[in-house]
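Handing you a structure now.
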Amino acid sequence: MRLKWWHGALIFALFLALLSPLASSFPDGLERVAEDKGFLEKAHEAIFNLIPDYVMPGVGNEILATILSAIIGTLLLFGIGYGLARVLKAKKDEA
C-alpha cells in the first residue's frame, strides 16, 4: 500500500491526541471574553454532548479519558471528512 499525504496527517493528528492532556486548562478565548464581560451565565447547554468536557465518560483515569476523547473525536471528524471527499469526488467523476 502506497502512503498518501493524508495518512501522515492522520497519524500526526492521532499523535497530537496523545498529547491532549498537556493542553491548557484555562478557558478558550470565547469563554474568557464571556467571563470578562459577565454573560457566561446566560449561555445555554448544548442539545447533546457526545463527549462532555472533552473527557470520555465511564473512564476512571482522567488522563486516559482525555486521550480517548481526543482520539475518538479525531477519527470521527476524519471519517466525516474522508467520506465527504469520496462522495464529492464520485460526483465530479460522473459529471
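The values are calculated or read from the model by the stated rules, or taken from the named source; none is laboratory data. Bear in mind the structure is a predicted one, so any value in this text is a computation, not a measurement. We place every Cβ from the backbone using ideal geometry, glycine too, and count neighbours over all the protein chains shown.
Pick from the range 1-29 the residues that are surrounded by 10 or more Cβ atoms within 10 Å (Cβ to Cβ) and over 16 Å from the mean Cα position of the chain (by Cα): which of them is modelled with the lowest pLDDT?
Checking each candidate, the answer is Pro27.
Then there is this: Search the range 78-95 for residues that are within 12 Å of Trp6 (Cβ to Cβ) and in contact (Cβ under 8 Å) with a residue 24 or more places away in the chain and pair each with any residue that is surrounded by 10 or more Cβ atoms within 10 Å (Cβ to Cβ) and not small (Gly, Ala, Ser) when their beta-carbon atoms are under 8 Å apart and the residues are at least 6 apart or on different chains.
Once the first residue is within 12 Å of Trp6 (Cβ to Cβ) and in contact (Cβ under 8 Å) with a residue 24 or more places away in the chain and sits in the range 78-95, its partners that are surrounded by 10 or more Cβ atoms within 10 Å (Cβ to Cβ) and not small (Gly, Ala, Ser) give Phe78/Leu10; Tyr82/Trp6.
Out of the helices (runs of 4 or more DSSP H) lying entirely within the chain, which hold 1 or more residues that are of a type in the set (Phe, Trp, Tyr)? Before the answer, list the steps.
Numbers: elements: 5-18, 29-37, 62-94.
Those helices (runs of 4 or more DSSP H) span 5-18, 62-94.
Kindly evaluate Gly38 against the criterion of being at pLDDT 85 or above and either more than 28 Å from Phe15 (Cβ to Cβ) or surrounded by fewer than 12 Cβ atoms within 10 Å (Cβ to Cβ) (or both).
Working: at pLDDT 85 or above: yes; either more than 28 Å from Phe15 (Cβ to Cβ) or surrounded by fewer than 12 Cβ atoms within 10 Å (Cβ to Cβ) (or both): yes.
Yes, satisfied.
Look at the range 43-61 and say how many of its residues are at pLDDT 90 or above, surrounded by 10 or more Cβ atoms within 10 Å (Cβ to Cβ) and out of contact with any Leu (no Cβ under 8 Å at 6 or more places or on another chain).
Number of matching residues: 1.
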